[in-house]
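S.K.: Can you keep this structure in mind? I'll have questions shortly.
FYI, it's all coordinate maths here, none of it is from the lab. All figures in this text were calculated on a predicted structure; none of them were measured in a lab. Counting neighbours? That spans all protein chains shown, and the Cβs are built from the backbone with ideal geometry, glycine included.
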Amino acid sequence: MKITEFLDKRGIKIGLESVEKEDVLKELVDILAEVKDIGDKKNIVKSLIERESLGSTGIGQGIAIPHGKTDRVSEIVAVLGISRKGVNFEALDGEPVYIFFLLVAPKETAGPHLKALAQISRLLRDSYFCELIKRCKTPAEVFELIRKEEDKKH
């Protein structure tokens, strides 16, 4: 499974406007709704907030991977948001978050959902790669960067 299989170029936004945790989740879900029919956006935001209450998906080093499940999608779908300002996302290391990878999976899936999370984590573990993502000027540039990185590993 490759990230480029469940991330659409239209689902990449550079320059998120939100600066609060819940607002960022709403903004990411708005982007997702433009790419995929996800039904009631409020339900997805609610599931993401519930997931965050278990522990922040801000994994440190300026990265967060918020994720949730809905019965409105039949396959995993992701959006990627880049904040120029940084957001206090209650990350594990207390640092602001700049790269947000939102993942939404069908309700009844565990395997593919976990694989997708692992793929994203592996990709973003490389701090040099994250710097390159933050420097991208267009969604197409970000997508191409991810595609090239995945091609190296496969």
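S.K.: Among the listed pairs LYS42/LYS152; LYS42/LYS134; LYS46/LYS152; LYS115/LYS137; LYS46/LYS148; LYS21/LYS107, give every one whose C-alpha distance is greater than 32 Å.
M.R.: LYS42/LYS152; LYS46/LYS152; LYS46/LYS148
S.K.: For region 1-49 and region 79-154, what is the centre-to-centre distance using only Cα atoms, to the nearest Å?
M.R.: Taking the Cα centre of region 79-154 as reference, the centre of region 1-49 is 13 Å away.
S.K.: Continuing with this model, one more query. Hey, got a sec? Which GluC sites (Glu not before Pro) in region 1-50 land in a DSSP loop and have at most 15 other Cβ atoms within 10 Å?
M.R.: GLU17, GLU20
S.K.: Charges at C-beta only: +1 for Lys and Arg, -1 for Asp and Glu. How large is the resulting dipole of region 3-153 about its Cα centre, in Debye rounded to 20?
M.R.: Values: 25 positive and 26 negative charges, 53 e Å.
Computed about the Cα centre, the dipole is about 260 debye.
S.K.: At 7 Å along Cα-to-Cβ for each site, give me the label-to-label distance between LYS85 and LYS115 in nm.
M.R.: Roughly 3.9 nm, to one decimal.
S.K.: What are the radius of gyration and Dmax of the chain, computed over its Cα atoms and given in Å?
M.R.: 14.0, 38
S.K.: Calculated from DSSP H runs of 4 or more alone, at -39500 (n - 2.57) each and per residue, what is the 222 nm mean residue ellipticity of the chain, nearest 500?
M.R.: After summing the helix terms and dividing by residue count, I get -14500 deg cm²/dmol.
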